[in-house]
């Protein structure tokens, strides 16, 4: 019995020796690697945080959106119904919202499309527009389509025009072909502190 | 019959005692080719043709500078270059209570409008006239400076030549005795 097993093992060894390549030591030319399909990473997240930082790592924009899509190839983030704040040296200079916000993470450009509303609390200024593009590197904003710039306190200073160019703080605003309306709100009558006739 | 009076190099004051006819709502509208607003100084510089409209009328000019206060109320509007004013001012005569309307038509190099006191100051090559609506009473003037107090319908003209034309109503003719 054991002799049979030994014989079978020897036969197998012989077969293996015959099947192995004779020039196994010679290097074989490697086949060319097959081209891989292009990587297209697209991530969609429902409910997300918007963050954009400059080259020094300082945040220039932060906010939130109902949903977001990230295209890794184009480094493009698309946010639905987003609300965000533009920052300078850690301080909020302007808050803005729009049904569609696109952030280009290569150029640090933020594009808002739809009913764009932006407000600068420091300068009591605001504007509405159909589209607005923020260049966070240059700290400029360019708005187009039914632009309405507004400064509203005791007096109302509203300007309507086809486009607007401003800094992100809305401190310096330039608009062509404008219609300006200035109204002074009359002072509210003083309320009496006590009952009628009593002083 | 008309009287014509020539006045030269003096201050002319058409001081009809009057009160504002109504409390006017302060609203100013401006159309311009370009607006440059600076939030630090709260000054808007309008250029490329400016058309300003107030409750009293219109002022056209090459450019205008609007200054706002901290509460965004208009402090003043300075119109510059080929200023043309077409205004209608209303005032109530304090004695008679009659509301009179006057047309004020003028051209000048500059015009400064202050809404708080509704004053329009025309400066440089001022030419124009003020005419009472429905009458022939008219003031033609040429001078360096004219201040129009819109609320009171008063005009202060400095260093100017002015011609005041007044309509004199002839007394009604006495009825002639009927001939028998």
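Counting only the backbone N, which residues of segment B:54-96 are under 15 Å from the spot 7 Å out from the Cα of residue A:153 toward its beta-carbon? From segment B:54-96, the list is B:67-76. Annotation: the residues B:65, A:178, A:110, sorted from fewest to most other C-beta atoms within 10 Å of their own C-beta, follow the order B:65, A:178, A:110. In terms of its alpha-carbon gyration tensor, segment A:42-184 comes out prolate; a/c meets the 1.5 threshold, and the first ratio a/b outweighs b/c. Annotation: the residues B:110, A:49, sorted from fewest to most other C-beta atoms within 10 Å of their own C-beta, follow the order A:49, B:110. Neighbouring Cβ atoms from other chains, within 10 Å of the Cβ of residues in B:94-105, number 0 on average. Checking the a/c ratio against 1.5 first, then a/b against b/c, what shape does the Cα gyration tensor give for segment A:134-176? Oblate. Placing pseudo-labels 7 Å out from each Cα toward the beta carbon at residue B:96 and residue A:73 gives an inter-label distance of 8.5 nm. Answer rounded, prolate or oblate for segment B:24-73, using the Cα gyration tensor with square roots of eigenvalues a ≥ b ≥ c: rounded when a/c is under 1.5, else prolate when a/b is larger than b/c, else oblate. It comes out oblate by the Cα gyration axes. Remark: mean inter-chain Cβ contacts per residue of B:59-68 equal 1, using a 10 Å Cβ-Cβ cutoff to other protein chain atoms. Counting Cβ atoms of other protein chains within 10 Å of each residue's Cβ and taking the mean over peptide B:34-46 gives 6. In terms of other Cβ atoms within 10 Å, B:127, B:80 run from fewest to most in the order B:127, B:80.
Each value in this text was obtained by applying a stated rule to the coordinates, not by laboratory testing. Computed from a predicted model, the values in this text were never measured in an experiment. When we count neighbours, we look across all protein chains shown, and the Cβ atoms used for this are built from the backbone with ideal geometry, even at glycine.
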